[in-house]
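Taken together, the values in this text are just the output of simple stated rules run on the coordinates, not laboratory data. Here the structure is a predicted model, which is why all the values come from computation and not from measurement. Methodologically, a virtual Cβ is constructed for each residue, glycine included, from the backbone with ideal geometry; neighbour enumeration extends over all protein chains shown.
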């Protein structure tokens, strides 16, 4: 593995673990995730796959209107840049350019890929200093027009899991 690829993968260790999600849509109450009667528990798990060569994100949304999803993040062996391959329970397949630097995670889709590009999308999320919260928002755009807010999304690390190459649920460490 080249230095760029190994370094890029190592930066993603902060994602490893289980997370609960809360979405906030414009003009509506927050859709919090949790067992306290405040809403269905939306869960997302990040773990290493295939010997630590790919970061896997599996998200379960117990709401019929929202899809469950699977995302696989890989790196370009020459540059260390990231690509996220997204799949969901509606049969949607998308390809996002991804970056992660200085605690800021971005996903961008501005070109047709495996599905038509009816609208552009981008996400930007910032990790808290303790690494246990990601606060972000999705935006959408039509044609070459301005970006507009779609919805806010907050990830909160679930107790008992931690950042790093091994979560408490026993994920295999990423080979060095």
(request) Treat each spin label as a single point 7 Å out from the Cα along the C-beta direction, and report the residue 137 to residue 68 distance in nm. (result) 3.1
(message) Between residue 56 and residue 159, what is the label-point separation in nm under the 7 Å Cα-to-beta-carbon projection?
(response) 2.8
(message) I want to verify the translational diffusion coefficient of the range 53-125 in µm²/s; compute it with Stokes-Einstein, Rh as the Kirkwood radius over Cα pairs, at 4 °C and 1.567 mPa s.
(response) 98
(message) Cut-off is 10 Å between beta-carbons; in what order do 20, 89 appear when sorted fewest neighbours first?
(response) 89, 20
(request) Please give, to one decimal in nm, the separation of the simple spin-label points placed at residue 114 and residue 149, each 7 Å out from Cα toward the Cβ. (result) 3.2
(request) Consider a paramagnetic label point 7 Å from the Cα of residue 89 along Cα→Cβ; state which residues of the range 42-80 have an amide N under 18 Å from it. (result) 42-46, 57-72
